[in-house]
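The values are calculated or read from the model by the stated rules, or taken from the named source; none is laboratory data. The structure presented is a predicted model; accordingly, all values stated were derived computationally and were not measured. Cβ placement follows ideal geometry from the backbone for every residue including glycine, while neighbour counts extend to all protein chains displayed. The area values use the complete protein model at the heavy-atom level, side chains included, leaving out ligands, DNA and RNA. Shrake-Rupley method; radii C 1.70, N 1.55, O 1.52, S 1.80 Å.
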Amino acid sequence: MTSIKPAGRITAPLASRILKTVGIIITLSALIDFFILPIPYRLLDRQWQLAFTTQFVDRGIVPLVGLALLFAGYWIDHATGTLDERRPGRTRDLRFWALLLASLLGLIYVLLFPLHLNNLRLNNAAAQEQINQEAEQAEGRLDQSLATALQQQRAQIAQLLNASDEQIEQAVRANQINQEQANQIREFKQNPERLEPFLQERVQELRSRGQTEIRTRKEDAQATARTESIKSGLRIGLGSLVLAVGYIIIGWTGLKSLD
């Protein structure tokens, strides 16, 4: 009578081969991405370094999954007794190179952590400086705009000061000025010395309002830049550390177990 072998025993070599193949493909695909996506290489450019670190960390879990599948395949071989323990040398075993790759990636992620934080610090400082310069330029444009407005208003009032009461009323009826402005014109006719203080007070009020708006936008932009820097530092920096720990544990403990 023909004996029936357990189904799991029959499919174990196939499952092992599939896991190893998928693991190798995933790992190699991730490594190809690591080298292709940063092209063109600008190693000394801070923005390029930030983008490279972000991409490297964001895809860091992919080789980890590939290595896990690869070793799962080897575990099946060991569990089913199909692993050839008489390999000619450790350096010819795919596991050795996979563990060496894990150790290398762990070292890279350790180095990326301080590099990314330093780049973020420099990038945030540059962003803050640019925001300050833009605010100063905006205040300069505000002063120029107010100076032009002051000249125009002074010329307009001077023209109205030479007008008769009837002409002023016609200007009110034509909606060129309102009644309050008409009353001010009459007051300036009687007291010309009040005109310049009035204009200066009006300009100072507009300048104060404009400067408040500029400072508010400046503070909002600075807060946004700081927040983005902190978020990137936490997400990419801590992610790099976590990946470093994972790869180092896999690589170093795995290499010791192969001794």
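Quick look at the values:
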quantity: Test for residue 86: is it modelled with pLDDT under 95, over 23 Å from residue 36 (Cβ atoms), outside any helix (DSSP H, G or I) and out of contact with any strand residue (DSSP E or B) (no Cβ under 8 Å at 6 or more places or on another chain); calculated: yes
quantity: Residue identified as part of a helix (DSSP H, G or I) and open to solvent by 80 Å² or more (accessible area, probe 1.4 Å) among 187, 169, 196, 180; calculated: 180
quantity: Single unsatisfied condition, residue 48 versus (1) under 19 Å from residue 103 (Cα atoms); (2) surrounded by 15 or more Cβ atoms within 10 Å (Cβ to Cβ); calculated: (1)
quantity: Cβ-Cβ under 8 Å pairs, at least 6 apart or on other chains, the range 199-218 side closer than 18 Å to residue 136 by Cβ, far side surrounded by 11 or more Cβ atoms within 10 Å (Cβ to Cβ) and among the polar types (S, T, N, Q); calculated: 218/132
quantity: Cβ-Cβ under 7 Å pairs, at least 6 apart or on other chains, the range 56-80 side surrounded by 22 or more Cβ atoms within 10 Å (Cβ to Cβ), far side outside any helix (DSSP H, G or I) and among the polar types (S, T, N, Q); calculated: none
quantity: Options 202, 209; residue that is in a helix (DSSP H, G or I), loosely packed, with under 13 Cβ neighbours inside 10 Å and not acidic (Asp, Glu); calculated: 209
quantity: Residue 41 vs. criteria at pLDDT below 95 and part of a helix (DSSP H, G or I); calculated: no
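Let's see how each residue does on (1) more than 26 Å from residue 149 (Cβ to Cβ); (2) of a type in the set (Lys, Arg); (3) out of contact with any strand residue (DSSP E or B) (no Cβ under 7 Å at 6 or more places or on another chain):
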| position | (1), (2), (3) |
| --- | --- |
| 179 | no, no, yes |
| 184 | no, no, yes |
| 211 | no, no, yes |
| 217 | no, yes, yes |
| 231 | yes, yes, yes |
| 235 | yes, yes, yes |
| 239 | yes, no, yes |
| 245 | yes, no, yes |
| 253 | yes, no, yes |
